[in-house]
Amino acid sequence: MHTFKYMALRDFYQRQMFFPGAAGLFLNPCYLARKGLADQMKHLNRFIGGKTLDIGCGARPYEKCFEVSRYVGLEINSAAADALSHADVRYDGYQMPFRDNSFDSVVAFQVLEHVFEPEVFLHEIGRVLKPEGVLLLTVPFLWEEHEKPNDFARYSSFGLAYLLNKQGFEVIHAKKTMPGFRAALQIANISFYNRFSQKNRTWWNLLISVCITGPVNVLAMLFGKAISTHPDLYLDNVVLARPREGIRTISHNEKQAT
C-alpha cells in the first residue's frame, strides 16, 4: 500500500513538472516555461503521427501527447544521457542510425541548444524524415545556462527560421511562448530557486517552491498579460516545419495553426 501511494505521488509530481496544473503553480519552479510548452504540445499534437522519432528523448515526457503508430526514442551515447534517458536507440551525435525517409514525424524538445553543429543535426533530420513528414522543434530563447558544459546556443525566431530554411525546411507554424512580463518572472523564479535549493533536500526545495516561487507564478498568471505583452521577450520557440520539397499545399488545419 505504501509503495502504491509513493508511486502515485511520484507520478503526480512528475506530471506537474511537464504538464503543470493548479498544483504545479506551487510545485514547479519552471511552471511558466513548462506550461507554455505543454499548451503548444496540446495545440500541435494533431500534426504528429505515424512512425515518430524523438531526438534527445530523455524521459520521453511528451510521448503520450501524440497518437502515433510507433514512437522511437533516440539519445546520444554518453554516461550523462544514460542516467536519465528512456532511449530505444543510441548514436554518436552525428549520423543517425536510420535509413533515409524512415519517419513520418520527428520531434526534438529543448535539444538544439545542446548541438554544437546544428547544420549537421538538421541535415540528418531531413534525411531520415519522409518528404511529406513533419518536424516539431522546441528551443529556448531566454534561459540560463544548463546541462553544462554542453549548452552551446540560444536562437531567436529569425535565427531558427534561417537555419531550418538553409537545411531545406519550411516553417508552417511558429510560436513564442510566455512573452513579456511572464518571461521575466520565470527567469527570476528559476534563478532564485537554483541559488537556494539544495541537492538531496527534497522538503527544503518544496518549501522554496510553495512559499516563494509559487506566489510569483500566481502573480504572473493573474497579471502577466495585462502588465506586458512585449512579443520579443519570451521563453521558448516552438516551430512546426516540413521539408520544402514535401510541401504541396497547406491544409486548413495548418493555416489555423499559423
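Let's see how each residue does on (1) modelled with pLDDT under 95; (2) among the aliphatic types (A, V, I, L, M); (3) over 17 Å from the mean Cα position of the chain (by Cα); (4) open to solvent by 30 Å² or more (accessible area, probe 1.4 Å):
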{"site": "P149", "(1), (2), (3), (4)": "yes, no, yes, yes"}
{"site": "E170", "(1), (2), (3), (4)": "no, no, yes, yes"}
{"site": "L219", "(1), (2), (3), (4)": "yes, yes, yes, yes"}
{"site": "S228", "(1), (2), (3), (4)": "yes, no, yes, yes"}
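Are any residues in the stretch 6-26 in a helix (DSSP H, G or I), in contact with a Phe, Trp or Tyr (Cβ under 8 Å, 6 or more places away or on another chain) and not hydrophobic (A, V, I, L, M, F, W, C), and if so, which ones? Within the stretch 6-26, G24 is the sole residue that qualifies. Number of residues in the stretch 230-244 that are surrounded by 13 or more Cβ atoms within 10 Å (Cβ to Cβ), under 21 Å from the mean Cα position of the chain (by Cα) and over 13 Å from R182 (Cβ atoms): the value is 7.
Quick one: in the stretch 189-211, which of the residues that are among the hydrophobic types (A, V, I, L, M, F, W, C) and open to solvent by 60 Å² or more (accessible area, probe 1.4 Å) is nearest to L240 (Cα to Cα)?
F192
Being at pLDDT below 95 and either hydrophobic (A, V, I, L, M, F, W, C) or within 23 Å of M178 (Cα to Cα) (or both) is true for just one of A33, A81. Which residue is that? If you could, list the steps in order and put the result at the bottom.
Working: A33 fails: at pLDDT below 95.
None of the other options fit; the residue is A81.
One residue alone among Y62, Y71 is under 19 Å from the mean Cα position of the chain (by Cα) and farther than 24 Å from L160 by Cβ, and that residue is Y71. No other residue among L25, L53, L37 is in contact (Cβ under 8 Å) with a residue 40 or more places away in the chain, crowded, with 20+ Cβ neighbours inside 10 Å and in contact with a Leu (Cβ under 8 Å, 6 or more places away or on another chain) apart from L53.
Condition first: of a type in the set (A, V, I, L, M, F, W, C) and out of contact with any Cys (no Cβ under 8 Å at 6 or more places or on another chain). Now tell me which residues in the stretch 189-216 satisfy that.
F192, F196, W203, W204, L206, L207, I208, V210, C211, I212, V216
Inside the stretch 121-141, residues that are of a type in the set (A, V, I, L, M, F, W, C) and either surrounded by fewer than 18 Cβ atoms within 10 Å (Cβ to Cβ) or part of a strand (DSSP E or B) (or both) make up a count of 6.
Can you tell me which of G159, G214 is surrounded by fewer than 16 Cβ atoms within 10 Å (Cβ to Cβ) and not aromatic (F, W, Y)?
Of G159, G214, the one residue that is surrounded by fewer than 16 Cβ atoms within 10 Å (Cβ to Cβ) and not aromatic (F, W, Y) is G159.
The values are calculated or read from the model by the stated rules, or taken from the named source; none is laboratory data. The model shown is predicted, which means the values in this text are computed figures rather than measured ones. Don't worry about glycine lacking a Cβ; one is built from the backbone with ideal geometry, like all the others, and counts go over all protein chains shown. Note: areas computed on protein heavy atoms with side chains; ligands, DNA, RNA excluded. Shrake-Rupley method; radii C 1.70, N 1.55, O 1.52, S 1.80 Å.
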